[in-house]
Amino acid sequence: MEIYRELWEKTKEEYWAQTAFGNVYNMNIEVLMANPFFESRVKLGEDEHLRMLKAGLSDSFDDSVEYILKG
């Protein structure tokens, strides 16, 4: 969590003209692009793996909302 909070601050600093919604989007792109596993799947054209990752990311969004609501 600490690393991602720092990434959020750096993203706001780097994309200062962007809205908070846009910076969530930018942060997500940077997280994905920095991940070597994700990069390798893209470069190898592993479409099935990319679909699985995309579905998992959607599920993780929903899980995050639930975790926050449960406090």
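Binning at 5 Å from 0, report for the chain what percent of all alpha-carbon pair distances ends up in each bin.
Over the chain, the share of Cα pairs per 5 Å bin runs 3, 14, 18, 22, 20, 16, 7, 1 percent.
Dipole of the chain, Cα-centred, from +1 at each Lys and Arg C-beta and -1 at each Asp and Glu C-beta, to the nearest 20 debye?
The calculated dipole for the chain is roughly 80 debye.
Using helices alone, what [θ] at 222 nm do you get for the chain, with -39,500 (n - 2.57) per DSSP H run of 4 or more residues, divided over all residues and rounded to the nearest 500?
-27500 deg cm²/dmol
Of the chain, which part is the longest with no chymotrypsin sites (Phe, Trp or Tyr not before Pro) in a loop (DSSP not H, G, I, E, B) and with at most 16 other C-beta atoms within 10 angstrom?
Between the exposed loop sites, the longest stretch runs 17-71.
Since every read-out is calculated from the coordinates, none of them should be taken as a lab result. Not measured: the values here are computed from a predicted model. As a convention, Cβ positions derive from the backbone with ideal geometry for all residues, glycine included, and neighbour counts pool all protein chains shown.
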